[in-house]
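Quick notes on the structure that follows.
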Amino acid sequence: MAELSVIGASHRTAPVEVRERLALAPDQAARVLAAMHAETTFDEAMLVSTCNRTEVYFVPRAATDPLAYVLDHVGRVKGARPEVDAEAFYRHDETDAVRHLFRVAASLDSQIVGEHEILGQVKDAYRLAVDARTTSALLNKLVHWAFRVGKRVRTETDLGAGSASVAAAAVDLARHIFSNLEGKTVLLVGAGQTAETAARALLRTGADRLIVANRTLYRGQQLAHDLAHMPADGGEGDAEAARRPPAADAVGLDAIGEAITKADLVITATDAAEPVLTWQALSDVLRARRSALLIVDIAVPRDVDARLGDLDNVYLYNIDDLDRLVERNLERRRLETPKAEAIVAQEVRQFNRWLASRRAAPTIRLLQKHLETIRTRQIERYAKQFSDADCTQLEQFTQSMCKQVLHAPLDMLKRLSTDATPSKRLAAVDLVRQLFDLDAIDDEQPR
């Protein structure tokens with residue numbers, strides 16, 4: 001039975017209609033983890049659920065079908081067991097599971113390679129697992145190691161440089177033109193998924209105020225409320241501004257004329273069949289402006305009458321302009337992928353080396369060698385003070401003493417190697433290695 005596994009479904013193996021049946025809100029994931037903690041099937045477990053993946057990392061305690069077990073728990077919190085073909089799922093064990101999590105944290109397994117949200121989502125998943133007390137020695141070490149991998153890839157490569165979605169590219173374009181958006185008012189026209197993606201990117205810019213204009217006012221108000229209460233994850237501008245979400249309001253489409261007079265930037269992303277920002281309604285309003293206005297139209301069909309871009313102080317960009325920018329960024333990320341994969345491969349090797357050191361047999365050998373080294377050094381240090389006969393007795397005495405000192409820890413390690421769960425065994429070995437400082441000694445050994 002594998003000591004570490006991951007089982008799940010992602011955008012690579014399952015279409016969206018399947019993934020949505022498996023997706024769990026944070027409160028649902030917490031309930032699943034609480035149930036797993038109360039049972040004995042998994043010794044450790046962490047559940048990652050995003051729009052593009054639902055997967056469980058686990059250390060098994062009992063021999064069972066993990067897929068059926070997970071689906072049963074998902075069904076309990078969702079009201080019905082999801083009917084999903086087994087081919088939609090993948091399973092990775094041991095080193096493959098380690099590599100999978102590291103690639104996920106590094107955004108190499110994302111639908112948009114290099115996107116920034118996944119590392120935060122893994123951190124959220126880990127926090128839920130810690131709160132549910134479903135992690136222990138192995139997953140704690142593995143997940144923190146994955147955080148390090150994600151940070152290394154982000155800082156040592158350009159995998160996440162530039163925007164790879166049209167919505168995020170719209171915000172990047174605005175930041176390029178305005179230097180940054182601190183103190184700026186942004187009018188977001190539309191409240192669908194694309195608009196929300198743009199809004200999430202805006203939260204990292206330090207924008208001072210956000211106005212959501214939508215045909216359905218309630219939906220616009222809902223998005224504005226969510227944005228006002230959604231924590232920003234830090235942008236490249238002022239750190240305090242990046243942590244502070246912008247003030248967010250909502251208006252109907254009939255109030256766009258008034259709202260646009262307050263805006264420095266307009267991003268449009270509706271699914272309307274006809275232009276929403278029309279020449280007839282806005283040409284006079286925009287002519288009266290004294291300051292420049294940037295309009296980024298990322299809708300198809302276009303939301304903005306192209307003639308508005310001919311007005312003085314109005315700078316209009318459409319989705320074709322952004323597509324070219326996104327394609328350049330994607331190509332840049334593709335060139336960075338081998339560097340990121342090399343970092344992951346290196347970290348997998350180092351983690352496996354650490355994990356191997358936590359097995360009982362090598363720890364027993366190292367502990368015995370450590371005590372023998374201490375014993376012989378002390379004898380060599382004081383041998384000149386004793387006769388040959390006394391030295392012989394000293395050898396026998398110190399050997400006997402070391403055996404007695406080692407008896408309890410060695411006996412414990414041997415018993416745990418056969419009787420304990422992987423998590424308990426790992427925790428015990430880790431404790432012994434810390435007590436005798438064996439990691440420092442192991443690092444000095446030739447490889």
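Heads up, I need the accessible area for MET401: 1.4 angstrom probe, whole protein in place, Å², nearest 10.
About 90 Å², ignoring ligands and nucleic acids.
Under 13 Å Cα to Cα from LYS262, which aspartates and glutamates show up? Leave out anything in the same chain fewer than 8 places away.
ASP208, ASP249
Please quote Rg/Rh for the chain to two decimal places, taking the Kirkwood radius as Rh and restricting both calculations to Cα atoms.
Using only Cα positions, Rg/Rh for the chain is 1.14.
For each pair in LYS123/LYS339; LYS141/LYS369; LYS123/LYS369, compute the distance between the two Cα atoms and list the pairs where it is over 29 Å. Let's see the in-between values first.
Working: LYS123/LYS339 23 Å; LYS141/LYS369 26 Å; LYS123/LYS369 39 Å.
Pairs exceeding 29 Å: LYS123/LYS369.
State to the nearest 20 debye the size of the charge dipole of the chain about its Cα centre, where the only charges are +1 on K and R beta carbons and -1 on D and E beta carbons. Intermediate results must be reported in sequence, preceding the final value.
Working: 58 positive and 65 negative charges, 271 e Å.
Value, rounded to 20: 1300 debye.
So how compact is region 74-181: Cα radius of gyration and Dmax in angstrom?
For region 74-181, the Cα radius of gyration and maximum Cα-Cα distance read 17.5, 50 Å.
Can you run phi through the Karplus equation (6.51, -1.76, 1.60; θ = phi - 60°) for region 11-20 and list ³J(HN,Hα) in whole Hz, with x for Gly and Pro?
Per-residue couplings from phi come out as 4, 7, 10, 9, x, 4, 5, 7, 4, 5 Hz.
Mind grabbing the accessible area of ARG209 for me, 1.4 Å probe, Å², rounded to tens?
My reading of the accessible area for ARG209 is about 70 Å².
Suppose only helical runs count, i.e. DSSP H with n ≥ 4. What mean residue ellipticity at 222 nm does that imply for the chain under -39500 (n - 2.57) per run, divided by all residues and rounded to the nearest 500 deg cm²/dmol?
About -18000 deg cm²/dmol.
So what J values fall out for region 90-103 if you push phi through Karplus, 6.51 cos²θ - 1.76 cosθ + 1.60 with θ = phi - 60°, rounded to Hz, Gly and Pro as x?
10, 9, 10, 10, 6, 4, 5, 5, 4, 4, 4, 5, 4, 5
Name the long-range amide H neighbours of GLU3: under 5 Å, sequence gap of 5 or more, or other chain; modelled H, no Pro or chain starts.
GLU94
Can you tell me what percent of all Cα-Cα pairs in region 1-112 are more than 18 Å apart? Working shown, then result.
Details: 2857 of 6216 pairs.
Distances greater than 18 Å cover 46 percent of the Cα pairs.
Return the carbon/sulfur percentage of the accessible area of region 2-59, one whole number, probe 1.4 Å, all protein chains in place. Provide the component values of the computation, followed by the final result.
Values: 1110 of 2020 Å².
On region 2-59, the fraction of accessible area on carbon and sulfur atoms equals 55 percent.
Kindly report the accessible area of the chain per residue (heavy atoms of protein chains, probe 1.4 Å, no ligands, DNA or RNA), in Å².
For the chain, the per-residue accessible area is 50 Å².
At a probe size of 1.4 Å, how large is the accessible area of LYS403, to the nearest 10 Å²?
150
When the solvent-accessible surface of protein heavy atoms is calculated with a 1.4 angstrom probe, in what order do ILE295, ILE374 fall, highest first?
Correct descending sequence by accessible area is ILE374, ILE295.
For the ranges 380-391, 311-322, what's the packing order if you count other beta-carbon atoms within 10 Å of each residue, average per peptide, and put the highest first?
Order by mean packing, descending: 311-322, 380-391.
The values are calculated or read from the model by the stated rules, or taken from the named source; none is laboratory data. Predicted model, so just to flag it, every value in this text is computed and none were measured. When we count neighbours, we look across all protein chains shown, and the Cβ atoms used for this are built from the backbone with ideal geometry, even at glycine. We work out accessible area using only protein heavy atoms, side chains counted, and drop any ligands, DNA or RNA first. Shrake-Rupley method; radii C 1.70, N 1.55, O 1.52, S 1.80 Å.
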